[in-house]
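A short write-up of the structure that comes next.
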Amino acid sequence: MKRLREILLIFVCLSSSVYAEKFKVWETEIEVPPPAGFVRVTPDLPRVYQMAEMLAKADPKFEQLGFYITEEDAAAARAGESPEIRRKFFLRLMKNMAQPITGDDRFQEIQENTRANNDPVIEDFRSRDPKFYDRIVEQVKQETGSDLDLKFSQFIPFKEHHASSNIFSFSMLFEGTVSDGVRSRTEFQSCTTTFLNPAGKVIYLYCYAPHDELAWNREASLEWAQAIMKVNPAAPEKSPEKPQIPDEKQLQSNAVAKILLGILLVTAMLLYLFRRNRPQKTATQNESP
């Protein structure tokens, strides 16, 4: 049995290397195999791809490198169906990172700053910029051409469940409701956010799943992060000399707040855009699927 596991592990590693895609991150190519059982959304899935492009524009401070859905959902989309896409992954890059090359030392600082700001970050950020959330919602309305109403009734953050020299992960549960005056939908979801540092380039992984699949969410996220780290060079131990940027810890706090707010936004758009058989709005119709 042990030998069989070793053979399967070798097969998985080889398969990941064969199917890995390359993304240029600050002039460095990073190999990214897709999460196991998932595929990256491309233009041959037009409706899903359109939604992915809209999400990519939601926060201009991030570059979206990939949006991944299950192989089953991709097959359904190709067949003209509108799958709910209950499990999904995102791969993103922060455009304004202070350090284009991040050593192990700097990555540890990022972890410490994230850990310090994780619990109070949403309310703290709203107190400094209370209109930020409203601006995001308004942008979603403009992108979708809808009278979209977003409400988030629960938000339960957890402390990190994985922290190593090159991977840092934390999860949260939240309940969101999306309505356009015709239909509304409420969904209780889990999300795992993972920072990782392949070849000294910090990238961000997000995994969404129903709230009762939190354990799968965490495990699948870690497996993907580890697969990416395996096919890329290690980060240097020491970062180059830092550029002079004021209030770097505060900038990191803001970045984490925007990541979390972005998570809520992504959920809202997914709920809104992937409802089945959306009817035309009428004055009297008001139903929930």
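The values are calculated or read from the model by the stated rules, or taken from the named source; none is laboratory data. As the structure is a computational prediction, the values presented were derived from the model and not from experiment. Neighbour counts are summed over all protein chains in view; Cβ atoms, including those assigned to glycine, are modelled from backbone coordinates with ideal geometry. Side chains included, ligands, DNA and RNA excluded: accessible areas come from the protein's heavy atoms. Shrake-Rupley method; radii C 1.70, N 1.55, O 1.52, S 1.80 Å.
Below are the figures for this structure:
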quantity	calculated
Accessible area expressed per residue, region 162-226, with surrounding protein chains retained (probe 1.4 Å, Å²)	25
Added length on full extension, which subtracts the Cα-Cα distance from 0.36 nm per residue, Arg47 to Asp212	56.7 nm
Surrounding net charge for Glu237, when Lys and Arg each add one and Asp and Glu each subtract one, Cβ distance under 11 Å	0
Loop trypsin sites (Lys or Arg not before Pro), region 156-231, which have at most 15 other Cβ atoms in a 10 Å radius of their Cβ (DSSP)	Lys159
Contour minus Cα-Cα distance for Glu223 and His162 (0.36 nm per residue)	20.8 nm
Solvent-accessible heavy-atom area per residue, rounded to whole Å², over region 19-107 at 1.4 Å	47
Förster-model FRET efficiency, 22 Å R0, Arg115 and Trp26, C-beta, rounded to 0.05	0.30
